[in-house]
Amino acid sequence: MAESPEEIKFNIPEPALRRLPWYLAYIKMLQKNGEEFVSSTQIAKKINVDASQVAKDLSFVAISGKTRVGYEVKSLIEVLESFLGFNLTHKAVLFGVGSLGAALLQDSGLNQYGLKISAGYDVNKDIIGKEVNGIPVYDIKDFAAHQKSNPVQIAVMTVPAEKAQEVAEMVIGEQIKAIWNFTPFRIHVPKDVVIQNTSLYAHLAVMFNRLNEL
C-alpha cells in the first residue's frame with residue numbers, strides 16, 4: 001500500500017526536511033528571474049549539496065522531474081510550499097518582547113512562510129499595552145483568558161533563560177501544542193508537544209570554534 005502524503009511527512013529524515021527550505025528559496029529566486037525549469041544538479045551546485053542528495057530529498061515530495069529538463073519551477077514551488085506547510089497560516093503568540101522578541105515581531109517575512117504572530121506577552125509594564133509592527137503586547141497574565149477566546153497552538157519563546165521552563169509549563173497548560181524556543185535553555189515538554197530549539201548562542205559557538213581552526 002502506498003504511503004499517504006501525511007505518512008511521508010512523518011517518515012522524511014529531519015536533515016532532509018531542513019534542506020527543503022534551502023531548495024525552495026533558491027527556486028523562488030529562479031522564478032523571479034524568469035526560469036521555467038531547474039535540475040537537481042543545478043540546485044546542488046548552488047546549495048553546495050550532492051546532486052544525488054537533492055534528488056533523494058525531492059523524492060519525499062510528490063513531484064517528478066522530466067528527463068534532460070528537470071523540474072518545472074512553478075510546480076516545484078507549489079509542491080514544496082504545500083509539503084512544508086508554508087502555504088497555510090499557522091497562528092502563534094510570542095512570549096518575551098525584549099530585543100530579540102521585538103525583532104521577530106518586526107519580521108514580516110515570517111508571514112510568507114506561514115507563521116502569523118498575532119500577539120506578544122511580557123511582564124514589563126513599559127511595553128505592555130503598546131504595539132510592535134502593529135502587533136499588540138499584553139501582560140502575560142492575560143494569556144489564559146485570550147487562549148480561551150482565541151486559541152492558538154504555537155508559542156514563540158524569547159524569555160530569559162531562567163524563566164523558560166516556567167513559561168513553557170504555563171503555556172502548555174493552556175493547550176499550546178508547539179514551542180519555538182529561542183532561549184539557550186533546553187525546555188522539557190510532554191511527548192505530545194512539539195519543541196523546536198533555535199539557539200543563536202550555539203551557532204555562535206560553532207562559528208567561533210571554526211574561526212579558530214582557520
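Computed values, structure above
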| item | result |
| --- | --- |
| Whichever residue in the stretch 26-45 is surrounded by 13 or more Cβ atoms within 10 Å (Cβ to Cβ) and under 22 Å from the mean Cα position of the chain (by Cα) and, among such residues, is farthest from Tyr113 (Cα to Cα) | Ile43 |
| Test: residue in the stretch 41-53 that is without any contact (Cβ under 8 Å) to a residue 60 or more places away in the chain and at positive phi | yes |
| Close pairs from the stretch 3-22: first within 18 Å of Val54 (Cβ to Cβ), partner modelled with pLDDT under 90 and surrounded by fewer than 14 Cβ atoms within 10 Å (Cβ to Cβ), Cβ under 9 Å, at least 6 apart | Ile8/Ala62 |
| Given (1) in a helix (DSSP H, G or I); (2) assigned by TED's automatic domain parsing to the domain that holds Ala168, index of the condition Ser52 fails | (2) |
| Unique match (being among the aliphatic types (A, V, I, L, M), crowded, with 22+ Cβ neighbours inside 10 Å and in contact with an Asp or Glu (Cβ under 9 Å, 6 or more places away or on another chain)) among Val123, Val97 | Val97 |
| Pairs, first touching a residue at least 12 places away in the same chain (Cβ under 8 Å) in the stretch 192-214, second of a type in the set (Lys, Arg), C-beta under 8 Å, six or more apart | Asp192/Lys177; Val193/Lys177; Val194/Lys177; Asn197/Arg186 |
| Filtered residue count, the stretch 132-150, keeping only those that are surrounded by 12 or more Cβ atoms within 10 Å (Cβ to Cβ) and either in contact (Cβ under 8 Å) with a residue 24 or more places away in the chain or under 24 Å from the mean Cα position of the chain (by Cα) (or both) | 11 |
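The values are calculated or read from the model by the stated rules, or taken from the named source; none is laboratory data. Owing to the predicted nature of the structure, the values given are computational and were not obtained by experimental measurement. As a convention, Cβ positions derive from the backbone with ideal geometry for all residues, glycine included, and neighbour counts pool all protein chains shown.
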